[in-house]
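Before any comments, here is the structure.
The values are calculated or read from the model by the stated rules, or taken from the named source; none is laboratory data. Here the structure is a predicted model, which is why all the values come from computation and not from measurement. Cβ atoms come from the backbone with ideal geometry, glycine included; neighbour counts cover every protein chain shown. For the accessible areas, the whole protein counts, side chains as well, though only heavy atoms, and no ligand, DNA or RNA atoms are used. Shrake-Rupley method; radii C 1.70, N 1.55, O 1.52, S 1.80 Å.
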Amino acid sequence: MFSINAHNHWVKSVEFSPDTRLIASGSEDTTVKLWDMTSKNLIQSFNDHNAAVNNVRFHPDGTCVASGSADRAIKIWDIRSQKLIQHYDAHNDGVS
């Protein structure tokens, strides 16, 4: 049994890595977490968003994970270095 219990709020998105070795989860607690499927342990937590994380996706080669958040930002982390490598902010164009 696998339980994502390290998030402090609702989990909004979950995705397996292409090789099914890892799971990425995004939560209303503003974090993206990486889980090892073999050990069922949390291996990394990314805390760079300022609002709920609505979507997480792996790059097809499994080396990066991207997240989209209610803070209107997209962030991409390199899993190998565990560092934020790209950040995109949505601009308000005045349309409601």
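Under 10 Å from the Cβ of Gln86, count the other residues' Cβ atoms, weight Lys and Arg +1, Asp and Glu -1, and hand me the total.
Neighbour charge sum, excluding Gln86 itself: 0.
Below 8 Å between Cα atoms, with a sequence gap of 6+, how large is the relative contact order for the range 2-92 in percent?
20 percent
Which peptide among 75-83, 24-32 comes first, and what is the full order, when sorted by highest mean count of other Cβ atoms within 10 Å? Intermediate results must be reported in sequence, preceding the final value.
Details: 75-83: 14.3, 24-32: 22.1.
Listed from highest to lowest mean packing, they are 24-32, 75-83.
Under a 1.4 Å probe, what is the accessible area of the chain per residue, stated in Å²? Don't skip to the answer; put the middle values down first.
On the way: 5810 Å² over 96 residues.
Counting only protein heavy atoms, the per-residue value for the chain is 61 Å².
Roughly to the nearest percent, how much of the accessible area of the chain is carbon and sulfur, given a 1.4 Å probe?
That share works out to 49 percent.
With the crude spin-label approximation of a point 7 Å out along Cα→Cβ, what separation in nm comes out for Asn8 versus Leu84?
1.7 nm
Please compute the modelled spin-label separation between Asn41 and Asn55, points set 7 Å along Cα→Cβ, answer in nm with one decimal.
3.3 nm
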